[in-house]
1. Of the conditions (1) part of a helix (DSSP H, G or I); (2) loosely packed, with under 12 Cβ neighbours inside 10 Å, TRP163 clears all except one; give me its number.
2. Looking only at the range 118-149, how many residues end up being within 15 Å of LEU59 (Cα to Cα) and aliphatic (A, V, I, L, M)?
3. Give the residue, chosen from ALA130, ALA119, ALA157, that is at pLDDT 90 or above, of a type in the set (A, V, I, L, M), within 24 Å of ILE74 (Cα to Cα) and surrounded by 14 or more Cβ atoms within 10 Å (Cβ to Cβ).
4. Could you list, in sequence order, the residues of the range 165-203 that are among the hydroxyl-bearing types (Ser, Thr, Tyr) and touching a helix residue (DSSP H, G or I) at 6+ places or on another chain (Cβ under 7 Å)?
5. Please verify whether GLY193 is closer than 21 Å to VAL54 by Cβ and of a type outside the set (A, V, I, L, M), treating the condition exactly as stated.
6. Starting from the range 45-71, take each residue that is in contact (Cβ under 8 Å) with a residue 60 or more places away in the chain and list its partners that are of a type in the set (D, E, K, R) and crowded, with 17+ Cβ neighbours inside 10 Å, counting only C-beta distances under 8 angstrom and pairs at least six apart or across chains.
Amino acid sequence: MAAKAFDVEGQPEIKVFDYAKRAQWLRAAVLGANDGLLSTASLMMGVGAVKKDVKTMILIGIAGLVAGACSMAIGELVSVYSQYDIEMSQMKREGRTENMGAKELEAEKEKLPNPWQAAGASALAFSVGALVPLLGAAFVKDYGVRVGVVIGVVSFALLGFGWLGAVLGKAPALKASLRVLLGGWLAMALTFGLTKLVGSTGL
């Protein structure tokens, strides 16, 4: 049985979880999923405004998934590697690394953000988000019903991602969910409307 920790007054210590420690992976995962969901759904809605067949909509969705996941992974890798290099350089300037043994140095490096983990989390989260509109549209042939299904599943997923991010970060869930939902609707509406406008001009 583990011994309980007590403070100087003999009272049991209450450990408070630092939710800020979740910031790195939470940002990569939640933002990646939201980006995958919104960018893929918006692409599908935009193309659907001028090309109503299901094959074209699915193809553009798959292209968006692959391109977006690669872009997210590379962007996160470069960004986090830059942060890693800056923090390591700062440690060297302060002379901290000179007084460390190999094990101590390795322990310090492990505390820094991992670029490959961040890249993998972003790519995976983006792909999961992008699969939502793809699966929603894949089995619906009628154009009007297909658009309605995509909007419905995307709206539900946006609420879910907004709620999840708020709960994990201990933020107000309702406000976060509605903010994500309204932003998603705006993105899809703008993409659909502008693509429809450009398509109607015959460009």
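The values are calculated or read from the model by the stated rules, or taken from the named source; none is laboratory data. Here the structure is a predicted model, which is why all the values come from computation and not from measurement. Neighbour counts are summed over all protein chains in view; Cβ atoms, including those assigned to glycine, are modelled from backbone coordinates with ideal geometry.
1. All conditions pass for TRP163, except number (2).
2. The qualifying residues number 8.
3. ALA130
4. Within the range 165-203, SER177, THR191, THR195 qualify.
5. No.
6. Every condition considered, the pairs that remain are GLY48/ARG146; VAL54/ARG146; MET57/ARG146; GLY68/ASP35.
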